[in-house]
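Scroll down for the structure; my scribbles are underneath it.
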Amino acid sequence: MRLLIMGPQGVGKGTQAARLAEYFHIPAISTGDIFRYNLKNQTELGKQAQAFIDKGELVPDELTNSIVKDRLAMDDAKGGWILDGYPRNASQVEALDKMLEELDTPLDAVVALDADHDVLMKRMMKRAEIEGRADDTPEVIAKRLDVYTKETAPLLDTYETRGVLVEINGVGDIDEIHKNIVAELEK
Ligand code: AMP
């Protein structure tokens with residue numbers, strides 16, 4: 001199973017990606033987590049990405065595409081994966097298309113989670129309290145939501161046109177949402 005999970009921040013992508021990873025026995029690959037790991041460990045990649053992440057902007061495509069390419073080439077990704085937080089703009093879609101063509105592994109589905117703005121803001125503010133992420137200030141949260149609306153949300157149309165989009169309501173009980181996703185994927 002090769003999946004993307006998309007949706008605005010706070011919609012529960014990470015949570016549902018983890019559940020799907022467990023269910024399908026595939027790794028959940030989050031570009032945000034990879035960046036955070038590199039920030040924490042002050043690697044070269046982390047240093048290059050820091051300023052963008054701190055502002056809620058996208059890390060340059062070249063950098064992001066190359067970490068995804070390396071990650072998809074790892075042994076544990078041979079049997080499938082779920083990508084969380086990538087692609088985030090049209091150029092990343094193109095880069096991913098090329099990677100998948102080279103690996104000869106098509107995408108099975110794109111899961112799109114959605115929730116209304118108020119629910120998202122509430123969840124984000126709660127997460128900020130609990131996790132203390134440096135990029136969870138109100139300004140940066142608003143900036144990320146703006147980037148999502150402008151650059152990432154239009155990609156859903158791209159995947160819809162390709163006939164791989166599965167849209168799921170991201171509001172409600174976590175188990176229930178997980179079951180809805182699985183039911184749609186198994187159709
Ligand atoms: P996330 O945890 O997915 O919200 O990602 C946190 C931050 O990492 C984002 O605000 C971006 O600065 C950066 N990031 C994560 N994924 C990507 C991506 N696909 N392209 C560019 N930047 C990304």
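The values are calculated or read from the model by the stated rules, or taken from the named source; none is laboratory data. Predicted model, so just to flag it, every value in this text is computed and none were measured. Every residue, glycine as well, gets a Cβ built from its backbone with ideal geometry; the counts of neighbours run over all protein chains shown. Protein only, heavy atoms only, side chains kept; ligands, DNA and RNA dropped before computing areas. Shrake-Rupley method; radii C 1.70, N 1.55, O 1.52, S 1.80 Å.
The table that follows gives values for the structure above.
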item	result
Filter pass, Asp157 being closer than 16 Å to Leu4 by Cα and modelled with pLDDT of 95 or more	yes
Residue satisfying all of: in the range 46-59; in contact (Cβ under 8 Å) with a residue 12 or more places away in the chain and open to solvent by 30 Å² or more (accessible area, probe 1.4 Å); nearest to the ligand (Cβ to nearest atom) among these	Leu58
Residue within the range 86-94 that is open to solvent by 70 Å² or more (accessible area, probe 1.4 Å) and in a helix (DSSP H, G or I) present	yes
Members of the range 17-50 found to be within 18 Å of Arg88 (Cα to Cα) and part of a helix (DSSP H, G or I), listed by number	Ala17, Thr31, Gly32, Asp33, Ile34, Phe35, Arg36, Ala49, Gln50
Residue within the range 124-132 that is open to solvent by less than 60 Å² (accessible area, probe 1.4 Å), of a type outside the set (Lys, Arg) and in a loop (DSSP other than H, G, I, E, B) present	yes
Members of the range 85-110 that are more than 15 Å from the ligand (Cβ to nearest atom) and in contact (Cβ under 8 Å) with a residue 12 or more places away in the chain	Leu100, Leu103, Thr105, Pro106, Leu107, Asp108, Ala109
Subset tally (residues that are of a type outside the set (Val, Ile, Thr), assigned to a loop (DSSP other than H, G, I, E, B) and farther than 21 Å from Asp104 by Cα) for the range 51-73	4
Given (1) in contact (Cβ under 8 Å) with a residue 24 or more places away in the chain; (2) touching a helix residue (DSSP H, G or I) at 6+ places or on another chain (Cβ under 9 Å); (3) surrounded by fewer than 14 Cβ atoms within 10 Å (Cβ to Cβ); (4) within 24 Å of Glu94 (Cα to Cα), number of the condition Ala77 does not satisfy	(3)
Qualifying positions in the range 8-23 - of a type in the set (Gly, Ala, Ser) and within 12 Å of the ligand (Cβ to nearest atom)	Gly10, Gly14, Ala17
